[in-house]
Structures are given as structure tokens and as C-alpha cells.
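The values are calculated or read from the model by the stated rules, or taken from the named source; none is laboratory data. Only a predicted model underlies this, so the values are computations on that prediction, with no experimental measurement involved. Cβ: placed from backbone, ideal geometry, glycine included. Neighbour counts: every protein chain shown. These area figures cover heavy atoms from the full protein model, side chains too; ligands, DNA and RNA do not enter into them. Shrake-Rupley method; radii C 1.70, N 1.55, O 1.52, S 1.80 Å.
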Amino acid sequence: MRLVLLGPPGAGKGTQGSHLAVNLGVPRISTGDMLREQQRSGTGIGLRVAELIDAGQLVPDALVVEMIERRLESADCGPGWLLDGFPRTVPQARALEQALGARGERLDLAVLFEVEEEVVVWRLSLRRVCPECGATYHLASHPPRSGGVCDHDDARLVQRPDDGERVIRERLRVYREQTAPVVEFYEGRGQLLRVDASRPADQVAAELVVRLREHAGSVS
Ligand code: AP5
């Protein structure tokens, strides 16, 4: 299955995407994770990427499109994939459509996680991540077992630099301006699946599995 996960920052794309990728047996490809990897490389591009991410701005289309096109050619993408955080602009959505068309492939669905902005601010300002394994926690809804350290490897959890309230609000503004039109792009093609992401994560996950099964049944 080939899926795009859409939604504002903090909607739960990473949380749901991680479970779903295991369920479907396909890789979860997160442009945010790939860009943070570049950031750690300390190269000139990495430093520029860091500046943009930390300010809540998008990285230029050309850079992410090339990164994704290369990633989709990997052998593990044969059975399908799940894109988390891409496309984020209409030009990115068009580039993906063209790249798939050139290979005779098609996107199955774009899943939109819908959630109110104030919920997003609460979720992101209390998010903590493990710098070693990337596990994500929430201090209220999904806290680590023992204060401040990762359940898997005991590493001390950190807050992402773009998870401060001022940058969260900028990311939301950028989402409304540049990513909301991507929702219309997929809606116009009859490829959009809306999911109420404001409920607890396990309820969202359960609904998603049912809706994707229904979709698979309706097209087979
Ligand atoms: P990226 O890393 O993709 O960030 P994002 O899209 O802003 O998404 P987040 O990771 O913040 O949130 P999420 O929806 O995954 O939520 P999560 O599951 O973690 O991108 C970062 C930056 O990289 C961008 O700002 C941009 O600069 C750049 N970038 C990336 N892709 C790009 C592209 N295509 N083009 C250009 N630039 C790009 O959940 C959040 C929190 O809530 C967690 O603590 C979680 O535990 C909790 N939670 C999740 N679900 C629930 C629930 N149902 N109930 C209660 N709590 C929940």
C-alpha cells in the first residue's frame, strides 16, 4: 500500500505512522527525520536545514523532492510505503504524482489527521523524544515509565528545538498557508481519507485500520 500521512504538526502522524507501517509491513518514511539526520551531519546544507527547521519554516521543495525520489527507489519500498510529512506543498504533491506516474504506480490514499490547533499546541509543548532511538513520548498522555528517560535505552529524553510555543504557532501558520492546499489537491482526486485525530491514540489507530480495510475492500 502507498500512503501519504497529512495533518498539522502534532496531529499524530509519527505516532500513527509507526504502528501502521509495522501493520502493513512497509517502511515509514519521514522527511522530518531525514532532514534532522542531515542537520546532524554538520555540512553546509545541514546547517541551513537546521536554521529553517528551528524557525518553523519549510525546507526548499527541490531538496526534499530529490531526497524522497531517491528514497523511493530503495528495494524496501517495493511492497509500498508510508510517507510521513511529505508532500507539504502543492509542487511537492505534483512531483510525487509525476514520479509515481513515470513508474506506472499510483498513490492509494492520503490520510488527513484532523485536530484543533490548541490540541496541537498542548501535544507538542509536552512532547519529549529519545535522542538515541527516536521514541516519542508525551508527558501527560504517554509518559515514559521512569521520569525523563527512554523506556527502551535509558537515554535522557529531550525537547525538539521547534517544540517551543512560539515556533509551534509559526509551524501552524506555515501549515495553513502552504500545506492546507495539499489537502484540496488530494480531495480533488478522490484520494483523501479524513480521520478524527483528536481522540486517544489507540482509538485513532483502531479507526484507521478499519477505514483502510474498507478502502482496500472497495477497490479490490
Ligand atoms: P516533521 O518532523 O515532519 O514535523 P511535523 O510535521 O511538524 O510533525 P510532528 O513530528 O511535529 O508531529 P506528528 O504529527 O508526527 O505528531 P506526533 O505523532 O509526534 O517536520 C519538522 C520540520 O522539518 C518541518 O517544520 C520543516 O521545517 C521540515 N520538513 C519536514 N518535511 C518537509 C517537507 N516535506 N518539505 C519541507 N520541509 C519539511 O505526536 C505529537 C505528540 O502528541 C507526541 O508527544 C505524541 O505522544 C502525542 N500524541 C500523538 N497522538 C496523540 C493522541 N491521539 N492523543 C494524545 N497525544 C497524542
Condition check for P27: within 13 Å of the ligand (Cβ to nearest atom), open to solvent by 10 Å² or more (accessible area, probe 1.4 Å) and modelled with pLDDT of 95 or more: no
Residues of the stretch 1-51 classified as touching a strand residue (DSSP E or B) at 6+ places or on another chain (Cβ under 9 Å) and of a type outside the set (K, R), total: 26
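Specify which of the listed residues (E105, E118) is under 20 Å from D196 (Cβ atoms), outside any strand (DSSP E or B) and acidic (D, E).
Working: E105 fails: under 20 Å from D196 (Cβ atoms).
Result: E118 is the single residue among E105, E118 that is under 20 Å from D196 (Cβ atoms), outside any strand (DSSP E or B) and acidic (D, E).
Test L96 against the criterion of being open to solvent by less than 20 Å² (accessible area, probe 1.4 Å), within 16 Å of the chain's Cα centre (by Cα) and in contact (Cβ under 8 Å) with a residue 24 or more places away in the chain, and give yes or no. Walk me through how you get there before you give the answer.
Working: open to solvent by less than 20 Å² (accessible area, probe 1.4 Å): yes; within 16 Å of the chain's Cα centre (by Cα): yes; in contact (Cβ under 8 Å) with a residue 24 or more places away in the chain: yes.
It is true that L96 is open to solvent by less than 20 Å² (accessible area, probe 1.4 Å), within 16 Å of the chain's Cα centre (by Cα) and in contact (Cβ under 8 Å) with a residue 24 or more places away in the chain.
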The one condition in (1) in contact (Cβ under 8 Å) with a residue 12 or more places away in the chain; (2) closer than 16 Å to L5 by Cα; (3) surrounded by fewer than 18 Cβ atoms within 10 Å (Cβ to Cβ) that R169 fails to fulfil: (2)
Every pair of residues 6+ apart whose Cβ atoms lie under 6 Å, when the first sits in the stretch 121-134 and is basic (K, R) while the second is open to solvent by less than 50 Å² (accessible area, probe 1.4 Å): R123/G10; R127/H138; R127/D163; R128/Y137; R128/L157
Some residue of the stretch 1-9 being surrounded by fewer than 22 Cβ atoms within 10 Å (Cβ to Cβ), at pLDDT 95 or above and more than 7 Å from the ligand (Cβ to nearest atom): yes
Given (1) within 11 Å of the chain's Cα centre (by Cα); (2) among the polar types (S, T, N, Q); (3) more than 8 Å from the ligand (Cβ to nearest atom), index of the condition Q16 fails: (3)
Unmet criterion (only one of (1) open to solvent by less than 70 Å² (accessible area, probe 1.4 Å); (2) under 19 Å from L5 (Cα atoms); (3) part of a helix (DSSP H, G or I)) for S198: (3)
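Please pick out the residue among L58, L82 that is surrounded by 17 or more Cβ atoms within 10 Å (Cβ to Cβ), hydrophobic (A, V, I, L, M, F, W, C) and part of a strand (DSSP E or B).
Details: L58 fails: part of a strand (DSSP E or B).
The conditions single out L82.
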Counted residues, the stretch 99-151 - those being within 18 Å of the chain's Cα centre (by Cα) and closer than 19 Å to G188 by Cα: 8
Pairs with Cβ under 9 Å, 6+ apart, first in the stretch 192-212 and farther than 10 Å from V111 by Cβ, second more than 11 Å from the ligand (Cβ to nearest atom) and open to solvent by 70 Å² or more (accessible area, probe 1.4 Å): D196/E114; S198/E114; S198/E116; A205/N23; V209/N23
Test: T179 is in contact with a His (Cβ under 9 Å, 6 or more places away or on another chain) and of a type in the set (V, I, T): no
